[in-house]
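Just so it is clear, none of the values below were taken in a lab; they were calculated from the coordinates. None of the values given here were measured: they were computed from a predicted structure. Note: ideal-geometry Cβ built from the backbone for every residue, glycine included; neighbour counts use all protein chains shown.
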Amino acid sequence: MIPAMIGDALTLRGVTHRFRDIKVLQGVDLSVGEGEIYGFLGLNGAGKTTTIRIIVGLLRLQAGEVRILGSDVRSTPIEVYRNVGVLFEDFAAHPYLTGRQQVLLHARFLGLPPAAARRSADRWLERVGLASKASSKVKDYSLGMRRRLGLACSLVASPRIVILDEPTNGLDPQGIADLRGYLQSLSLNEGLTIFLSSHILGEVEQLCTRVGILHHGRIQVEGAVKDLTGRGVPKHRVRAVPMSKAKKVLEAAGGQGTVKVELADDSLVAELTPQDVPRRVRELLAAGVELYEVSPRIESLESVFHRMVSVEENTSPDHPPEQSAHCQ
């Protein structure tokens with residue numbers, strides 16, 4: 001098994017792309033570590049699909065750099081793309097082929113010899129839970145089974161990176177949970193790097209270790225999910241009067257180092273562990289601060305996403321409005 005996070009599996013630096021006079025991507029920078037499950041988020045029209053098509057070689061790289069497992073995609077594209085599997089949102093299987101025949105077709109197209117193709121097809125059909133349906137025709141598959149079949153096709157050449165574009169679209173809650181389990185197992189047990197574009201933010205929050213939010217052709221924020229939501233560095237909302245004095249008391253941290261404190265509307269946001277809270281409360285009260293609230297501050301990824309997009313909208317008045325307000 002490949003150890004997780006031993007280096008960069010995918011790196012984009014300064015990727016820029018134009019369609020005629022429209023600048024769709026404006027210097028996109030992102031990095032995905034080996035063994036990581038990375039969530040790629042953005043509104044409709046943000047440039048996600050364009051970015052994915054550039055990564056996998058379906059669109060010409062106009063400016064910037066794309067590296068896969070350390071290799072520039074422009075220098076050795078054939079060797080590089082042997083390590084990449086892709087499942088697009090509009091994956092379509094032949095209805096009158098069996099599941100096994102469909103995966104074998106992909107394996108042979110990707111250059112696997114017949115015996116190796118059969119072994120790999122059976123292996124990945126087993127891994128995605130379709131071994132018992134491998135001889136059934138695709139036309140008899142449910143939508144969830146077809147999505148799993150697409151995943152098997154993307155993995156049949158045993159890539160080190162798989163890029164998934166909206167893999168849960170149309171799935172019911174059980175189908176989404178099943179797919180989540182398969183992807184987590186592939187990352188943990190196979191060392192697979194997964195680059196996932198999805199508009200289901202709750203699912204991304206459960207599944208991904210890091211995310212990048214693309215807006216108006218730029219990465220607005222990139223980081224660990226636990227840090228962006230406040231689960232990694234514990235933060236607490238503090239409402240007190242006077243706030244200026246409360247801020248000084250918290251920053252002093254009773255001689256135990258410096259506490260990071262930020263102003264947020266009518267309150268303070270302080271990086272405090274749950275164990276720190278009783279001591280800080282005592283210090284605030286002893287300093288004569290009137291204390292109204294100390295509560296954990298944890299955001300959902302959805303609220304982080306909408307806050308980041310809203311900040312960008314408010315600070316970038318020259319950008320045209322998005323065609324849709326849905327996150328895809």
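In region 186-214, which residues have a backbone nitrogen under 16 Å from the label point lying 7 Å from Asp29's Cα in the Cα-to-Cβ direction? Backbone N within reach: 212-214. The C-alpha atoms of the chain occupy a region whose extents along the principal axes are 78, 48, 35 Å, arranged from largest to smallest.
Note that region 232-296 shows a convex hull volume over its alpha carbon atoms of 76 Å³ per residue. Only lysine pairs 8 or more places apart or on separate chains count here, and in the chain those with Cα atoms under 26 Å apart total 12.
Normalised by the number of residues in region 232-296, the mean separation of alpha-carbon contacts (under 8 Å, six or more apart) gives a relative contact order of 49 percent.
With r as the distance between the Cβ atoms of Leu188 and Glu79 and R0 = 22 Å, compute the FRET efficiency 1/(1 + (r/R0)^6) and round to 0.05. Plugging the Cβ-Cβ distance into 1/(1 + (r/R0)^6) gives 0.25. Close amide H pairs (under 5 Å, H built 1.01 Å from N) link Val28 with Gly14, Val15, Thr16, residues at least 5 positions away or on another chain. Taking one quarter of the surface of the convex hull spanned by the alpha-carbon atoms of region 77-152 gives a direction-averaged projected area of 5.1 nm². Taken about its Cα centre, the chain carries a charge dipole of roughly 880 debye when the Cβ of each Lys and Arg holds +1 and the Cβ of each Asp and Glu holds -1.
Between the helical axis of 277-286 and the longest alpha-carbon principal axis of the chain there is an angle of about 20 degrees. Spin-label model, Asn44/Ser71: points 7 Å from Cα along the beta carbon direction are separated by 3.8 nm.
Relative to the present Cα-Cα distance, how much length would full extension add between Gln101 and Arg118 at 0.36 nm per residue of separation? Numbers along the way, then the final one.
Working: separation 17, 0.36 × 17 = 6.12 nm, distance 0.94 nm.
5.2 nm is the gain from fully extending Gln101 to Arg118.
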